[in-house]
Every structure is written in structure tokens, then in C-alpha cells.
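Notes to accompany the following structure.
The values are calculated or read from the model by the stated rules, or taken from the named source; none is laboratory data. Just so it is clear, the structure is predicted and the values come from calculations on it, not from any experiment. Here the Cβ positions follow ideal geometry from the backbone for every residue, glycine too, while neighbour counts run over all protein chains shown. When the accessible area is computed, the model is the full protein with side chains, heavy atoms only, and any ligands, DNA or RNA have been set aside. Shrake-Rupley method; radii C 1.70, N 1.55, O 1.52, S 1.80 Å.
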Amino acid sequence: MKTTPPGVATKLAEYRQEHLLQWWDELSGEQQESLVAQIDSVDFEMIRRVWQESKISSTAADSEVNRVDQAAAPKSVVLQPASETEEAQWEQAAEVGAQRLADGKVAVITVAGGQGSRLGFAHPKGMFPIGPISNRSLFQVFAEQILARKRRHGGDIPWLIMTSAATHSETIDFFEQHDFWGLDRETVAFFQQGSMPAVDASSGRVLMSAPDALCLSPDGHGGLVMALKSSGLLDRMASAGVEDFFYHQVDNPTVIMCDPALIGLHAQNNSQLTTCVVNKLRPTERMGVLVDISDHVEIIEYSELNEEQAAREDASGQWIFWAGNTAIHAFSLAFLEQLTSGGGQLVLHVAEKAVDHIDVTGNLIEPSELNANKFERFIFDALPLATSALIVEGNREREFNPVKNAQGNDSPLTSREALSRIGREWLSSAGHTLQETASVEISPLTALDADELVGSLKDGRITVNSLTGPPAAT
Ligand code: UTP
């Protein structure tokens, strides 16, 4: 057994966190080392400052009201094409995007470090079986889309997958088991985001999950910026000639991977950060919305809006808060690099959560009420930092059908139904009309869009019966 390393006890005393060593004498040498490593990974000064600030709630509430009152519907938006001229402009943008893909200027970032607590799936969410017929996993859908894009455009498309301590090794094992679904494994990189401790909401003391373990959780999708830098991937991508990233979340199987139109619009406008929005279905829908505040684009979260505010309209009768965030973005590499310089961390947010932990006697507590604060960074906080941000309207039915909840809205059921509906629509363009309830699944390797499907059916390269593609390996 070791004595506590010099400095650790002193540091903990300074921040009133001495309880983290409460079981020190009962731990094995290995457990002691692990506990010290966890303690060393925590920036107690920052946690204390952010936690204390969060408790001064009146200031926060005031500034929220101001933000909401100042917000206007975003001005700089490329809307879905509504005329032949606009369609021609979108096609031109898609050609520019296709050329950037062919030139190897674009890499994909998938953020897959979340704990997926609402879905309640016991594995990383990317392993969730989403294919309506084959049970293809979310990861397989993305892998096949990337493979199909490479085949179509001809360039290299590196795929960077952000994991967390909670998802890292299982994710890599899953890719190995499936032989990366045919992708060249050299082009796929996994990198881990950082962790943040949960603290007791009334005292600010860090909670423990076991005598040798702090309650740690991933530091939010905004942890991407520093994780990309510290993993060396940002520099590696720059050396490989990558200039832009296509960013998406692991939970949306209908994302148009590397959407050439989005990438093209991003490039044509010299945008640092381009983001795809969709119309909210109702004012109170639980979606963050993009707005203009002063001369910046920002996000207002649904929790910041009460019912009256959410339904506010501008002079033309349009909802001010219409532009729902899909979390599909394009980032320029130079902008991400700029964010990392000078320690440019994104803002740390404090959330109230129910967190299981052990108490001073070592008993497991499973609270039914919010007992703790967690700390997270959000990638969309990069928006107001961009000097050139662009908003592009997406087609909601086609490209935004995420799996968030176990049931109800944004659940596996709604997402699978969307995949089937999209498949039926593509088949209908090719002259094959199916019943409205028919389950359909089209492998991205068969077709990435309706036009490709129509073409392949017409020249006999595929038949209707082969449309579900190869069965998903399990
Ligand atoms: P969500 O905000 O939906 O969180 O993440 P979640 O953890 O997946 O699910 P809940 O809220 O616990 O139910 C949106 C995207 O951001 C990623 C997720 O993996 C998902 O792709 N994410 C989230 C991270 O990569 N790291 C994080 O720390 C949080």
C-alpha cells in the first residue's frame, strides 16, 4: 500500500474534495494508481468556478431573457430550392461539393461518445440495429454511405469517429468484428473525448461511483474540438490535404453523408461553419433553434423558451424560432484549428441530472430526483465564434430522423418507418409503387439517392428483389 502521492491530498484539501481519498487505505496498489489518475484528470479550479457561477441563477435567467428578446429569425439562410433557378444553383453547389470529395478535401466526423441514456440500449448507440429489414446497425449504414460516396466521387474520405471512455473499446471491437464493412481500415480513426466529474448539486463535492472511482462522464460533443487536437488528428488531416469536415451525430441514419450540396454551399460561401436546419414541427418541439443575435448566429435551446416565446412570430407572420438544429454541420479545418489555439475551449454548461453514486458509508444511492450537476460542452457554441457562418435548410423528411428515445417521437420505430418511407419514394420514382405500410430497406451500396436507384433499375444492374442489399452481419 502506498501513502498518498505528495500534492494530491493538499490539492484535494484546497478544493474541499478530501473525501475522494476516504477509502485509500483499503485499495490495492492498482486501484490507488487508477484513482490518482482520475483525480489528476480533473481541473478542480475550473469545476469550482463554473459550478459556483451556475448557482448565481438570477444573472443567468436575466441574460437568457435578453437573448430570447434580442433573437431574430436567421437572415443568412439558403432555403430549399423553390424555383428552377434555385434548383440550378443547388445543382451547381452539388457539383462543387462533388469535386471537393473527388479531390480528397473532405473528411467525416461522427460523434459517438454519448451515453444514449434516453434510448436505454446497453451498447454504444452506433451498434443499434436500425435497418427495417436487415437490422443493419447505425454504424453499418454510415460505413456503407461512405464507401458508396468514395465509389461515386473517387477521392479518399477519412472517417474520424469520436468515442468516449463509455463507448471506445466496444465500438472498435464492433468495427473489427464486421471487418469495417469493407472500408479500408487505414482510413478510419477512433479518438476519445475527455471526461468530466459529476458533483453533488448542493455541495459541489465530486461524487464517487466506487471506492476507487469518481463519477465521470463524457464532456459533451463540444469536447470534439480539443479531442481532435490532442489526438493529433487535426494535424494529420491538414497534412493529408483535408480542408473541411462533414460532421454528423451517430443517431440519424437518414443523414445524407457528405452531402455534396451542403459541402458545395459551404465552399462557395467561404463559410467557417455551415449548419443544416429544418422547420420545427410545432413551436414547443424539443429542438435547439438557430437565430441571429446582434451580428452572430447562435443557438437557443428549447429549454430557454417558454410557450409564449417559442410561438413568437416576426412581421411576416413566420415563427422567429423555426430553424431547428439537425446537428449536421460542415466545419472548415482552419476554423477548428483556430478554436483550439489559445486553449480555446468552448463554454462549459452545467446540467442537473440524477446520478447514481456511493455515499460516505459506501452504499449505492440510486436517486429518483435530480441530485447532481454534470458539466458538458456543446459543439454549437462554436457558431457565434465563426466570422462567416452559413445556414442551409435541409429536407426534414429525407434527412432528419434521429433515434433519441426508446418510444414515441424520435424513436427506433419512427426512424425505421422513415427509412422505409424513403425507400418506397425512391422505388416509386422508378415506377414501382408499393403499399404504404411496406417495409423497404435500400443499402447505400445499392443507391445513395432516388436518381441512382432509377438508373440502376433501368439498365438492369439491379432488380427490385435485390434491393435490401447484403444482409447485415450480426
Ligand atoms: P445527445 O445529446 O443525443 O446525447 O447526443 P446522448 O448521450 O447520445 O443521449 P442521451 O441524451 O443520453 O439520451 C447527440 C450526439 O452527440 C454525441 C452522441 O453520441 C450523439 O451522436 N455525444 C454526446 C458525444 O459524442 N459525446 C458526448 O459527450 C455527448
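Give me the Kirkwood hydrodynamic radius of the stretch 1-158 in Å, from all C-alpha pairs, to one decimal place? Walk me through the intermediate numbers first.
Numbers: mean 1/r = 0.0444 Å⁻¹.
Here the Kirkwood hydrodynamic radius works out to 22.5 Å.
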Charge context of Gly223, other residues only, Cβ under 10 angstrom, K/R +1, D/E -1: -1
In whole angstrom, how far apart do the alpha carbon centroids of the stretch 72-139 and the stretch 405-432 sit? 16
Using the scaling law 2.2 N^0.38 Å as the reference, what is the normalised Cα Rg of the chain? 1.04
So between Arg282 and Glu313, what do we pick up on full extension, going 0.36 nm a residue minus the alpha carbon distance? 9.9 nm
With a 1.4 angstrom probe the carbon and sulfur portion of accessible area for the stretch 391-459, in percent, totals 45
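Which loop trypsin sites (Lys or Arg not before Pro) in the stretch 42-141, with loop taken from DSSP, have no more than 11 other Cβ atoms within 10 angstrom of their Cβ? Show your work: numbers first, answer last.
Numbers: sites: Arg48, Arg49, Lys55, Arg67, Lys75, Arg100, Lys105, Arg118, Lys125, Arg136; in loops: Lys75, Lys105, Arg118, Arg136.
For trypsin sites (Lys or Arg not before Pro) across the stretch 42-141 that sit outside H, G, I, E and B with at most 11 neighbouring Cβ atoms in 10 Å, the list reads Lys75.
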Give me the percent of DSSP beta bridges within the chain that run antiparallel, rounded to the nearest 5. 60
Given a 1.4 angstrom probe, what's the average accessible area per residue across the stretch 48-166, in square angstrom? 48
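Considering only the other residues whose Cβ falls under 14 Å of the Cβ of Leu427, what net charge follows from Lys and Arg at +1 and Asp and Glu at -1?
Details: positive: Arg421, Arg424, Lys458; negative: Glu425, Glu436, Glu441, Asp449, Asp451, Glu452.
Local charge sum for Leu427: -3.
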Using only alpha-carbon positions, what ratio does the radius of gyration of the stretch 251-298 give when scaled by 2.2 N^0.38 Å? 1.38
Helix-only mean residue ellipticity at 222 nm for the chain, each DSSP H run of n ≥ 4 adding -39500 (n - 2.57), per residue, nearest 500: -10000 deg cm²/dmol
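Taking a probe of 1.4 Å, how large is the accessible area per residue of the stretch 214-343, in Å²?
Working: 4560 Å² over 130 residues.
Accessible area per residue, the stretch 214-343: 35 Å².
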Extending each Cα 7 Å along its Cβ direction at Asp184 and Lys55, get the distance between those two points in nm, one decimal. 5.6
With the calculation restricted to Cα positions, what are the radius of gyration and Dmax of the stretch 223-272 in angstrom? 12.7, 31
Can you give me the distance in nm between label points at Ser368 and Tyr15, each placed 7 Å from the Cα along the Cα-to-Cβ direction? 3.3
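Using per-residue counts of other Cβ atoms within 10 Å, averaged over each peptide, order 214-220, 347-353 from highest down.
Values: 214-220: 22.4, 347-353: 15.3.
Highest to lowest by the protection proxy: 214-220, 347-353.
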Give the separation of the Cα centroids, the stretch 356-372 to the stretch 284-340, in Å. 36
Residues of the stretch 151-190 with amide N under 13 Å of a point placed 7 Å along Cα→Cβ from Glu95: none
Enumerate the amide H contacts of Met196 below 5 Å, restricted to partners 5 or more residues apart or on another chain; note that Pro and chain-start residues carry no placed amide H. Ser217, Asp219
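Under the Kirkwood approximation applied to all pairs of distinct alpha-carbon atoms, what is the hydrodynamic radius of the stretch 367-474 in Å? Intermediate values should be presented prior to the final figure.
Details: mean 1/r = 0.0578 Å⁻¹.
It is 17.3 Å.
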Of the listed links Lys125/Lys280; Lys105/Lys353; Lys11/Lys404; Lys105/Lys125; Lys11/Lys125; Lys75/Lys150, those spanning more than 31 angstrom between alpha carbons are Lys105/Lys353; Lys11/Lys404; Lys11/Lys125; Lys75/Lys150
